Amino acid sequence: MALTSAALFEQADHALQTGRYQELIPLYEQLEFQVTAIDIDVVPLNNIFEPLLTSYLIAHDLQSARSLVQRIPDELKTQAQQLHVLIQVYEMLRQWERQSGDLKDVYRLLHQSRWNSALAPLIAVLQDSIQDRELDLLAKAYTSLPLHLAASRVSLEEDTVAEQLMATRGWRYDASTGLLYPKAPDATGNRAIGLQEFGKLADVVAHLEVRQESS
Amino acid sequence: MSSNDHSYDEIIAKIVACSTDLTAVTKTLGPYLNNLNENIFLARAHGQSDPIDALSPEHHSFAYLYFLLYRCKASHGFHPALMEKVWAFVNTCDGEQVRHASEKALSFAEALVKTATESQQPIIAIRPLAIFIQRLQATPGQLTILHPLLAKTCLLAQACKDILPILDNDISDVDPKLTHVNYRDFLLYHYYGGMVYAYQKNFERAVEFFRLAVSAPAEVASAIQIEAYKKMVLTNLLQNGRRAVKSHCQPYSEFASSYEKKANSAASIRSDLDKIKGILVRDRNYGLAKQCVEAFHRRKIQDLTRTYLTLSVEDIATNIGLGSDPEAAKHVEGIIVKMIQAGTIFATISHEHAGGMVSFLDDPNHHDNTITMDMINTQIQKATEITAKFVKMDQTISSMPQFFNKGQQGGSFMPERGFSLEDSDYGMQMGYEAYPDEATSSNPKRQRIKASQRKRDAQAREDEPEEPEEQ
């Protein structure tokens, strides 16, 4: 449990390189504690805040992001450029949750800002995760939707949206109506319950019924 | 000075010698350390190494705690070197030893929180404390005097992740003699805990926690219970759309009543909210109440699924009282999409007709799969464990002298069904002596004699180990 900060950083790098983004969150959370409390100044804190905040946004954990943003000291928020942008992205995503604002602004901001080599791969993952999440949702909620609605949710330009969605997600497009027909998401394959399991359950229920009658 | 060094050697030697068994720790070491001057724990041996380094946080946890406690108390602002020791300590300390120093443990926790607050970095205290509590607990469901402190600190810092694993373990073990918890600790923990869950938007657990605070037995409701009640009303509205309990806290009650009336429109709920805005802000419940208003829209939409198979977005907007302009329609469509995402409604939207048509669907989950099975099995297991605990508690209470005294005075104290619990629930054997029903004896004098004889019998039984009866 008590890993050194150096070891934690190493693990984080490794997770980043192998694409295991879910592992980043606990690692950076522990690093935040250790660098704040024990190994102070071993790295500038924004080296931890930036990947941590990005990871929260990738996981769409806006609660933890909110908590983190409140903790970050004000000077750091303005001084560290990448952090400043990430906080703006967080605010925009929060607004988006509340159904105001435009997702396109988020994509624009992510695309136009400068990211150092350490953070750039995570930012690419973030962009994809926002877009994928939206498209999954659209496919779940809509049997048909206007092109411009879909276009406003993705980072692609409107004239290529239809093509891209047809190619990558198997959606259908009807140019005459301007409507996209999403491909319905696959129902998750749940294993049906076997007879033996049912048998056990039936035993328990019968037992309960006997108890109830006798009391 | 050499005489000081000598006394440190003495102290260390004593600590090492006594730390080998718990009786020595509590009977000898405790009083010894309590008699030492506080400064002993702060000072370093002259020119040489820190006496604390001669101790192991794992093996000499009891004494180590004293050192850390006084050092944290004395430090103004935090010192990384001290924090490093604190971190190592909470991760390796011997729970048994620190359990016997629970008041010192609380002082340590308070000093830690104070340090963190003074340096405006609450997370310094939160993570170590969460780990420390889990080591302090004899069982995951045991309430310690540190619980309310951690909950409050997390709330103030708005950093609630670390306490969630602790909150998720329902309190099932409250032992004031061992842990020195009191009634107020129980109330505060569940009040703050409810607020943590509400902050995380887990309203189901929030309601549970507030309810536990509110329903704790009391002759006069404490201020904590009243505040918990107010929050319970609002979180219950959020979770269940209904009022929890009637009466008390008039403005909240009225808001809840009108919320419950399905016929009310979103606009009227909004105006009800504005009417009591002042009170809500004063009680710091305005945020919760606003969430209730948003949830109201969702409830009204859910109600529509009972009546309609399809409905246009525009009609839905009008129906729930948000108006019929395009902005309202867009807003409503957004709400519906979010509800689909969250799984609180099963529906699809089609734009083949201008404006959008919503088709309400049946629950595609037929509950005939292993996920449901696993859920049922887990619940059964939980219920079995709780039943076992109950029977144990029942046995303990029933053999307590106070219980018999009540029986003597009352006579009709026993409920008709007696106290025999059906054993062999789920295949477990739980022996239990059924209580003879006092009410069957019509002679009061004989009743009393019987009662005192039973009391003597019970005392005798208490002294022997109880064996479960097979039935």
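The values are calculated or read from the model by the stated rules, or taken from the named source; none is laboratory data. Bear in mind that the values here come from a model prediction, so they are computed numbers and not experimental data. All Cβ positions, glycine included, derive from the backbone under ideal geometry; neighbour counts span all protein chains shown.
Which of (1) under 16 Å from the mean Cα position of the chain (by Cα); (2) over 23 Å from B:Cys160 (Cβ atoms) does A:Thr54 not meet, given it meets every other one?
Against the list (1) under 16 Å from the mean Cα position of the chain (by Cα); (2) over 23 Å from B:Cys160 (Cβ atoms), A:Thr54 comes up short only on (2).
Being modelled with pLDDT under 85, more than 20 Å from B:Val332 (Cα to Cα), touching a helix residue (DSSP H, G or I) at 6+ places or on another chain (Cβ under 8 Å) and of a type in the set (Lys, Arg) is the filter here, so list the residues in region B:230-273 that pass it.
Once the filter is applied, which keeps residues that are modelled with pLDDT under 85, more than 20 Å from B:Val332 (Cα to Cα), touching a helix residue (DSSP H, G or I) at 6+ places or on another chain (Cβ under 8 Å) and of a type in the set (Lys, Arg), region B:230-273 yields B:Arg242, B:Arg243, B:Lys246.
Go through region B:69-90 and report how many residues are within 14 Å of chain A (Cβ to nearest Cβ) and more than 23 Å from the chain's Cα centre (by Cα).
Filtering region B:69-90 for residues within 14 Å of chain A (Cβ to nearest Cβ) gives B:72, B:75, B:77-90.
Cutting the leftovers down to more than 23 Å from the chain's Cα centre (by Cα) gives us B:72, B:75, B:77-89.
The total comes to 15.
Scan region B:91-107 residue by residue and report those that are within 13 Å of chain A (Cβ to nearest Cβ) and assigned to a helix (DSSP H, G or I). Reasoning before the result, please.
First, pick out the residues of region B:91-107 that are within 13 Å of chain A (Cβ to nearest Cβ): B:91-93.
Hits for region B:91-107 are B:Asn91, B:Thr92.
In region B:172-200, what residues are within 15 Å of B:Leu238 (Cα to Cα) and free of Cβ contacts under 8 Å to residues at least 40 places away in the same chain?
The answer is B:Tyr197, and nothing else.
If you go through region B:108-157, how many residues are assigned to a loop (DSSP other than H, G, I, E, B) and touching a residue at least 12 places away in the same chain (Cβ under 8 Å)?
To start, the set of residues in region B:108-157 that are assigned to a loop (DSSP other than H, G, I, E, B) comprises B:119-122, B:137-141, B:143-146.
Those still in the list that are touching a residue at least 12 places away in the same chain (Cβ under 8 Å) too: B:119, B:121-122, B:137-141, B:143-146.
Residues flagged as assigned to a loop (DSSP other than H, G, I, E, B) and touching a residue at least 12 places away in the same chain (Cβ under 8 Å) within region B:108-157 amount to 12.
In region B:54-102, what residues are touching a residue at least 60 places away in the same chain (Cβ under 8 Å) and among the aliphatic types (A, V, I, L, M)?
So in region B:54-102, the residues touching a residue at least 60 places away in the same chain (Cβ under 8 Å) come out as B:96-97, B:99-102.
The answer is B:Ala101, and nothing else.
Please go through (1) away from chain B (no Cβ under 14 Å); (2) within 30 Å of B:Thr117 (Cβ to Cβ); (3) in contact (Cβ under 8 Å) with a residue 24 or more places away in the chain for A:His84 and return the number of the only condition it doesn't satisfy.
Against the list (1) away from chain B (no Cβ under 14 Å); (2) within 30 Å of B:Thr117 (Cβ to Cβ); (3) in contact (Cβ under 8 Å) with a residue 24 or more places away in the chain, A:His84 comes up short only on (3).
Hand me the list of helices (runs of 4 or more DSSP H) wholly inside region B:302-417 holding 3 or more residues that are free of Cβ contacts under 8 Å to residues at least 40 places away in the same chain and within 14 Å of another protein chain (Cβ to nearest Cβ). It would help to see each step written out before you state the result.
Details: elements: B:313-319, B:326-342, B:370-398, B:401-410.
Result: B:326-342, B:370-398.
When you scan region B:118-137, how many residues do you find that are within 13 Å of B:Ile163 (Cβ to Cβ) and small (Gly, Ala, Ser)?
We begin by selecting, within region B:118-137, every residue within 13 Å of B:Ile163 (Cβ to Cβ); these are B:122-123, B:125-134.
Pick out the ones that are also small (Gly, Ala, Ser) and you get B:125, B:130.
Of the residues in that region, 2 qualify.
What residue, among those in region B:371-386 that are of a type outside the set (A, V, I, L, M, F, W, C) and surrounded by 14 or more Cβ atoms within 10 Å (Cβ to Cβ), is nearest to B:Lys300 (Cα to Cα)? Don't jump to the end; show me each part of the working.
Looking only at region B:371-386, we keep the residues that are of a type outside the set (A, V, I, L, M, F, W, C), and these are B:372, B:374, B:377-379, B:381-382, B:384-385.
In the following step, the residues that additionally are surrounded by 14 or more Cβ atoms within 10 Å (Cβ to Cβ) were identified as B:372, B:377, B:384.
Numbers: B:Thr372: 28, B:Asn377: 34, B:Thr384: 38 Å.
Here the residue is B:Thr372.
For the subset of region B:150-170 comprising residues that are of a type in the set (S, T, N, Q) and either within 14 Å of chain A (Cβ to nearest Cβ) or touching a His at 6+ places or on another chain (Cβ under 9 Å) (or both), which member is surrounded by the most Cβ atoms within 10 Å (Cβ to Cβ)?
The initial filter retains those residues of region B:150-170 that are of a type in the set (S, T, N, Q), namely B:153, B:158, B:169.
Cutting the leftovers down to either within 14 Å of chain A (Cβ to nearest Cβ) or touching a His at 6+ places or on another chain (Cβ under 9 Å) (or both) gives us B:153, B:158.
On the way: B:Thr153: 25, B:Gln158: 16.
The extreme case among them is B:Thr153.
Could you check A:Glu29 against (1) over 20 Å from B:Ile163 (Cα atoms); (2) assigned to a helix (DSSP H, G or I); (3) of a type in the set (Asp, Glu) and say which number it fails?
It fails just one condition, (1).
Look at B:Asp303 and say whether it is surrounded by fewer than 19 Cβ atoms within 10 Å (Cβ to Cβ), among the acidic types (Asp, Glu) and over 25 Å from B:Lys201 (Cα atoms). Let's see the steps before the verdict.
Working: surrounded by fewer than 19 Cβ atoms within 10 Å (Cβ to Cβ): yes; among the acidic types (Asp, Glu): yes; over 25 Å from B:Lys201 (Cα atoms): no.
Criteria not met by B:Asp303.
From the list A:Arg114, A:Arg133, which residue is away from chain B (no Cβ under 14 Å) and either in contact (Cβ under 8 Å) with a residue 40 or more places away in the chain or not small (Gly, Ala, Ser) (or both)?
Details: A:Arg133 fails: away from chain B (no Cβ under 14 Å).
Residue meeting the stated conditions: A:Arg114.
Exactly one of (1) modelled with pLDDT of 95 or more; (2) more than 14 Å from every other protein chain (Cβ to nearest Cβ); (3) in contact with an Asp or Glu (Cβ under 9 Å, 6 or more places away or on another chain) is unmet by B:Ile131. Its number?
Only one criterion is unmet by B:Ile131, namely (2).
Filter region B:205-225 for residues that are surrounded by 14 or more Cβ atoms within 10 Å (Cβ to Cβ) and part of a helix (DSSP H, G or I) and give the result.
Matches in region B:205-225: B:Arg205, B:Ala206, B:Val207, B:Glu208, B:Phe209, B:Phe210, B:Arg211, B:Leu212, B:Ala213, B:Val214, B:Ile224, B:Gln225.
Evaluate region A:26-43: report whether one residue or more is among the charged types (D, E, K, R) and modelled with pLDDT under 90.
Yes; the residues of region A:26-43 include at least one that is among the charged types (D, E, K, R) and modelled with pLDDT under 90.
Could you tell me whether region A:176-189 includes any residue that is within 14 Å of chain B (Cβ to nearest Cβ), of a type in the set (A, V, I, L, M, F, W, C) and within 24 Å of the chain's Cα centre (by Cα)?
Taking region A:176-189 and keeping what is within 14 Å of chain B (Cβ to nearest Cβ), we get A:176-189.
The next check asks that each one be of a type in the set (A, V, I, L, M, F, W, C); those that pass are A:179-180, A:184, A:187.
In the following step, the residues that additionally are within 24 Å of the chain's Cα centre (by Cα) were identified as A:184, A:187.
Yes, the conditions are met somewhere in region A:176-189.
Within region A:32-60, work out how many residues are touching a Ser or Thr at 6+ places or on another chain (Cβ under 6 Å) and more than 11 Å from every other protein chain (Cβ to nearest Cβ).
Residues that pass the stated criteria total 1.
Could you figure out which of (1) within 11 Å of chain B (Cβ to nearest Cβ); (2) crowded, with 19+ Cβ neighbours inside 10 Å; (3) over 30 Å from A:Leu149 (Cβ atoms); (4) in contact (Cβ under 8 Å) with a residue 24 or more places away in the chain isn't true of A:Glu29?
So A:Glu29 meets the others, but not (4).
Which condition number in (1) within 14 Å of another protein chain (Cβ to nearest Cβ); (2) touching a helix residue (DSSP H, G or I) at 6+ places or on another chain (Cβ under 7 Å) is the one that B:Lys277 fails?
The one condition B:Lys277 does not meet is (1).
Does A:Ala151 fit the bill of being within 13 Å of A:Tyr107 (Cβ to Cβ) and of a type in the set (A, V, I, L, M, F, W, C)?
Values: within 13 Å of A:Tyr107 (Cβ to Cβ): yes; of a type in the set (A, V, I, L, M, F, W, C): yes.
Considered against the rule, which asks whether it is within 13 Å of A:Tyr107 (Cβ to Cβ) and of a type in the set (A, V, I, L, M, F, W, C), A:Ala151 comes out as yes.
Tally time: how many residues in region B:331-374 are modelled with pLDDT under 85 and within 34 Å of the chain's Cα centre (by Cα)?
11
Has region A:163-173 got any residue that is within 12 Å of another protein chain (Cβ to nearest Cβ) and either under 23 Å from B:Pro364 (Cα atoms) or modelled with pLDDT of 75 or more (or both)?
So the first thing to find is which residues in region A:163-173 are within 12 Å of another protein chain (Cβ to nearest Cβ), and the list is none.
There is no residue in region A:163-173 that is within 12 Å of another protein chain (Cβ to nearest Cβ) and either under 23 Å from B:Pro364 (Cα atoms) or modelled with pLDDT of 75 or more (or both).
Quick one: is B:Lys201 of a type in the set (Lys, Arg), under 16 Å from the mean Cα position of the chain (by Cα) and surrounded by fewer than 17 Cβ atoms within 10 Å (Cβ to Cβ)? Show your work before the answer.
Details: of a type in the set (Lys, Arg): yes; under 16 Å from the mean Cα position of the chain (by Cα): yes; surrounded by fewer than 17 Cβ atoms within 10 Å (Cβ to Cβ): yes.
So B:Lys201 fits the description; yes.
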